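The values are calculated or read from the model by the stated rules, or taken from the named source; none is laboratory data. None of these values were measured; they are calculated from a predicted model. The area values use the complete protein model at the heavy-atom level, side chains included, leaving out ligands, DNA and RNA. Shrake-Rupley method; radii C 1.70, N 1.55, O 1.52, S 1.80 Å.
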Amino acid sequence: MGGSETEGGEGDGSEDELFNLFRFTTTCLSLGVPKERVAGDFRHSLEDFRQRGVLPLEELAQLRASTDAGTKEHPAQWAAGFAAGYLAAWAAAVLRVLDARGLDFGEDKHLFRPLNLCTDADLLTRFLDRAVTATDAGDLVAGEPSLREPGGS
């Protein structure tokens with residue numbers, strides 16, 4: 001296996017990464033690594049892929065629904081609930097970082113409400129990254145015109 005598998009190859013890098021994760025997971029299971037440990041590593045890797053933009057939130061939720069115990073009866077509903085909870089947690093994390101830094105954007109309804117209604121996991125990830133250094137709302141939403149203006153689209 002050379003380092004140029006994805007260059008000029010048939011699949012893109014994300015497919016290769018997902019396939020390698022699947023291969024690693026099945027190898028660990030076949031070698032007798034405890035299932036709980038393998039499942040934890042698998043979930044951690046999926047989250048890493050999501051944060052790096054390799055795996056969209058919807059696909060992460062579908063994978064988790066098809067592999068987590070207790071989700072076999074209603075996987076679509078489980079995936080939808082997982083995605084909604086995931087988005088809410090990331091929005092809350094952005095506000096928590098801002099609060100911990102002593103910055104109060106909660107009164108700015110033009111920022112607070114769209115942040116809590118945001119359905120783009122990648123955007124929320126960027127907001128969380130920016131929340132660490134933001135000094136005002138403009139820093140947080142830089143380059144995101146839909147959240148800067150009241151009623152923006």
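If you rank 33, 38 by how much accessible surface each has, with a 1.4 Å probe, what is the order from largest down? Working shown, then result.
Numbers: 33 50, 38 10 Å².
I get 33, 38, largest accessible area first.
For 90, 78, the ranking by accessible surface with the largest value first comes to 78, 90, using a 1.4 Å probe.
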